[in-house]
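I have placed the structure first, in the form of structure tokens, so that the comments after it can refer back to it.
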Amino acid sequence: MGLPPYATLGQRIWYYSFRVICGLIFFFLVAPIVVVMPLSFNAQDFFTFTPEMLRLDPEGYSLKHYRDFFTNPQWQLALKNSLIIAPLATIISVSLGTLAAIGLSQSHVPFKGTIMAILISPMIVPLIISATGMFFFYAQLGNWMEATLGLDKGFVGYVKVVLAHAVLGIPFVIITVTATLVGFDRSLTRAAANMGAGPVTTFFRVQMPLILPGVISGGLFAFITSFDEVVVVLFVGSASQKTLPWQMFIGLREQISPTILAVATILVVISIALLTTVELLRRRSERLRGMSPG
Amino acid sequence: MAETMLAADGTPLKRSLARALRRQKLRALGLIAPLLIFVLITFIVPIASMLFRSVENQIVGDTLPMTVEALADWDPNAGTPPSEDVYEAMYFDMFLAAEAKRHTRLGTRLNYEQTGVSSLFRQSGRALDDIGKETQKPLEKLDGAWKDGETWHGIFNATNDADTDLLDQQRKRVAALTGSSASGEVNFAPDAALSNLLPRTTRAYTAWAVYTATQQGRDPATRDPWEAVATALALDLKTADLSGYTGPAADLLTEAQTADLPVPAMAGAFEDMDEDWAGATVWKTIQTHSSTYTSGYFLNAVDAQKTPDGVAWQPEEKQILLTLFGRTIWMSLLITFSCIALGYPIAWLLANLPMRQANLLLILVLLPFWTSLLVRTSAWKVMLQQQGVINDVLVWVGLVGDGDRLIMINNQFGTIVAMTHILLPFMILPMYSVMQTIPPSYLRAAKSLGATNWTAFWRVYFPQSVPGIGAGSILVFILAIGYYITPEIVGGTKGVFISNRIAYHISSSLNWGLAAALGTILLAAVLVLYWAYDKIVGIDNVKLG
């Protein structure tokens with residue numbers, strides 16, 4: 001949609017002002033995220049650019065907020081909890097979700113619509129409502145596990161948060177894996193069976209490698225859901241299950257400390273890495289299924 | 001007649017096919033079943049428990065079972081306080097509840113309906129012991145044996161027939177009151193003959209024995225019962241006919257009866273504790289809210305309340321929730337419109353640029369989409385603060401004086417800006433996918449037929465992009481009305497949503513019934529919107545990234 005050579009002055013003005021408007025909107029989208037990054041290297045405890053920073057004086061920059069993040073026990077506990085909870089929740093949602101997605105993609109599934117609605121519901125229901133419901137039910141569940149099964153209080157706390165996060169990640173796994181299975185050629189499994197492979201061998205040697213990109217990107221969605229989740233963990237967890245977003249939330253609500261900006265920068269870098277991975281996987285999946293990349 | 005077709009193994013083909021189909025269905029269900037059960041237990045049941053909480057009201061009947069029963073006959077509109085029976089039932093109910101430290105919970109519950117009940121219950125729970133002491137002391141003075149737990153146990157423990165119904169009833173009562181099991185060994189069974197002769201005392205002693213044994217793990221045979229049992233004995237002895245009684249400690253009981261122990265007038269005693277008990281208001285509140293299920297929380301959620309005279313509005317100063325619902329909807333609409341206004345040009349640009357450039361620009365849209373919500377919210381806090389980046393730039397440029405920096409955070413403006421930014425990708429992506437399908441030749445055709453740029457856009461392009469706007473709008477609106485984190489951080493007091501109120505009732509005011517009712521209303525709204533979304537767009541068309 002380049003500008004034709006015969007365009008009138010009005011058209012030229014509109015063409016360029018439209019580009020400027022779009023540029024401003026893109027600026028609005030990206031600026032807040034970009035601004036956080038240099039500010040995290042601030043040598044002062046301010047949330048704005050100091051004169052030293054604007055002069056690009058090395059004195060104005062420092063890594064002290066990053067040092068604080070890696071040495072402060074509160075932040076380290078939060079990081080450790082996030083790294084325990086998110087992978088466990090992801091494993092549960094990916095393993096159960098992939099199996100169910102394969103079941104759902106078969107040709108004759110009774111009550112398919114109802115089942116799909118139930119499995120997708122954790123994504124539809126607003127988090128605050130899921131959190132409220134889980135708050136009531138998981139407290140009883142936790143008491144039961146402690147009293148009847150005699151489990152340790154801290155362990156039960158982790159179980160509750162992992163279960164809650166796993167169920168929140170399931171819709172993403174279901175959606176991505178069923179989307180991948182739409183293009184899956186069923187005759188491949190029949191061919192494998194013809195050549196004497198059992199259902200388990202067929203699954204791991206034929207079907208799994210082909211749907212793996214979808215499974216991984218579903219897993220990444222589930223991981224980021226858990227890693228980024230704060231409402232449910234606030235309601236279901238206790239202080240010893242404090243995750244990274246929880247710690248950030250406390251910091252933002254009470255007294256905002258510049259360490260948050262360092263954490264934010266690290267998280268942005270992680271999300272760029274994840275975004276790249278998902279995009280590469282999508283292209284690979286399309287190439288494998290014989291569609292053109294794009 | 002045509003011969004039935006046979007499969008290779010000789011069974012009719014029809015049956016063979018049906019069997020294969022059934023096996024296939026079972027296999028599919030078998031693969032789905034683990035996840036379905038997992039989601040049902042970890043998600044659907046919790047949501048159902050929230051729905052149940054919003055109407056559940058067993059606490060009144062569990063804490064004051066006899067009072068609720070006695071109050072059923074009382075006419076609240078007569079303007080007189082209830083009869084002595086009700087006060088007596090209240091005394092025994094409240095005594096047990098106070099021992100179990102459960103009366104304050106009921107006080108808090110009823111305080112949602114009638115301010116002041118909470119402190120009334122707390123005070124009365126403390127003062128209740130004094131009523132019983134008035135009879136317990138003279139009784140123990142009469143004969144030292146009454147101080148001995150074994151005397152009481154000897155009298156009331158079953159010698160021949162045990163009244164097992166009474167024991168089960170009291171077990172249930174204690175279990176409902178404390179919310180824990182009361183099924184352990186008690187080492188006591190009420191005597192059936194005494195249960196007829198001294199009904200109040202046997203009941204009070206059984207309740208005490210069950211509580212002592214199952215909740216405190218002590219042996220009732222060796223311990224002195226609490227004051228309420230002595231009060232019950234004094235009440236029973238006023239009317240009981242002991243002439244035919246030959247059981248254990250008959251002489252002790254006869255001696256106590258002839259001594260004519262002082263019996264507290266319950267109505268008067270309650271009035272002495274607090275004069276509110278003599279009025280009808282507290283009793284009306286208890287009676288109105290004594291049903292097991294209540295619509296009270298839902299009425300509270302829409303600023304109304306259940307009163308003895310029917311449904312009425314809350315007092316003016318307590319009416320905040322309807323305003324909050326209105327504000328939630330209004331601000332979500334504003335956010336949706338801001339998203340349409342900002343998202344439409346971007347989607348149009350992306351759809352009309354060559355693929356390579358569009359993909360590059362799409363990354364700028366996806367980056368915020370993938371960035372942590374907390375990161376984006378903290379970024380806006382940094383940007384919008386009075387000492388923040390935007391104000392600094394404005395001061396530096398000279399648009400704003402250093403003294404009067406703009407207040408852009410902790411108000412509605414802050415919430416709307418931050419949430420528009422957070423939800424904008426959810427608007428752009430559906431719009432983009434719809435606009436990609438509109439052939440650019442349509443616009444050129446319109447122009448070559450003489451339409452101006454504006455007419456071509458408005459009459460030809462825009463109507464075809466409406467499905468994208470619809471899909472994006474519903475999605476953004478649904479996400480917006482349930483938001484909690486961002487309004488909590490940048491919204492201050494004026495920019496918060498109904499979800500912040502739910503969180504407040506869960507974690508601060510502990511009015512869980514109201515939180516559940518608010519959540520149920522919000523859930524219903526969201527489900528209706530999703531139903532509309534499914535009709536217009538189809539849930540299957542939800543795409544990620």
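The values are calculated or read from the model by the stated rules, or taken from the named source; none is laboratory data. Just so it is clear, the model here is predicted, and its values are computed rather than measured. Reconstructed Cβ throughout: ideal geometry from the backbone, glycine too, with neighbour counts over all protein chains shown. Surface areas here come from the heavy atoms of the whole protein model, side chains and all, with no ligands, DNA or RNA. Shrake-Rupley method; radii C 1.70, N 1.55, O 1.52, S 1.80 Å.
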Is it true that residue A:260 is in contact with a Leu (Cβ under 9 Å, 6 or more places away or on another chain) and open to solvent by less than 20 Å² (accessible area, probe 1.4 Å)? yes
What are the residues in region B:328-379 that are within 24 Å of residue B:410 (Cα to Cα), within 7 Å of chain A (Cβ to nearest Cβ) and open to solvent by 10 Å² or more (accessible area, probe 1.4 Å), if any? B:342, B:372, B:373, B:376
Condition met for residue B:232 (more than 18 Å from residue B:98 (Cα to Cα), open to solvent by less than 30 Å² (accessible area, probe 1.4 Å) and either in a helix (DSSP H, G or I) or at pLDDT 85 or above (or both)): no
Just checking: which of the helices (runs of 4 or more DSSP H) contained wholly in region B:432-531 hold 2 or more residues that are under 30 Å from residue B:383 (Cβ atoms) and either at pLDDT below 90 or within 22 Å of the chain's Cα centre (by Cα) (or both)? B:462-481, B:485-490, B:498-507
Which count do you get for residues in region A:151-203 that are assigned to a loop (DSSP other than H, G, I, E, B), open to solvent by less than 40 Å² (accessible area, probe 1.4 Å) and free of Cβ contacts under 8 Å to residues at least 24 places away in the same chain? 2
Name the single residue that is most open to solvent (accessible area, probe 1.4 Å) among those in region A:72-98 being farther than 24 Å from residue B:41 by Cα and hydrophobic (A, V, I, L, M, F, W, C). A:83
Picking from A:260, A:216, A:270, the residue that is closer than 25 Å to residue A:42 by Cβ, more than 8 Å from chain B (Cβ to nearest Cβ) and part of a helix (DSSP H, G or I) would be A:270
Check region B:187-199 and report whether any residue there is aromatic (Phe, Trp, Tyr), farther than 22 Å from residue B:87 by Cα, in the same structural domain as residue B:104 (by TED's automatic domain parsing) and without any contact (Cβ under 8 Å) to a residue 40 or more places away in the chain. yes
When region A:37-71 is examined, which residues are found to be surrounded by 17 or more Cβ atoms within 10 Å (Cβ to Cβ), assigned to a loop (DSSP other than H, G, I, E, B), at pLDDT below 85 and within 11 Å of chain B (Cβ to nearest Cβ)? A:47, A:48, A:49
For residue B:252, the lone unmet condition from (1) outside any loop (DSSP other than H, G, I, E, B); (2) within 18 Å of residue B:83 (Cβ to Cβ) is (2)
Pairs only if they're at least six apart or on different chains, beta carbon under 7 angstrom, first in region B:83-98 and touching a residue at least 60 places away in the same chain (Cβ under 8 Å), second surrounded by 22 or more Cβ atoms within 10 Å (Cβ to Cβ) and among the polar types (S, T, N, Q); list them, first residue then second. B:86/B:67; B:90/B:67; B:97/B:63
Could you list all residues from region B:21-80 that are touching a Gly at 6+ places or on another chain (Cβ under 8 Å), polar (S, T, N, Q) and at the interface with chain A (Cβ under 9 Å from one of its Cβ atoms)? B:49
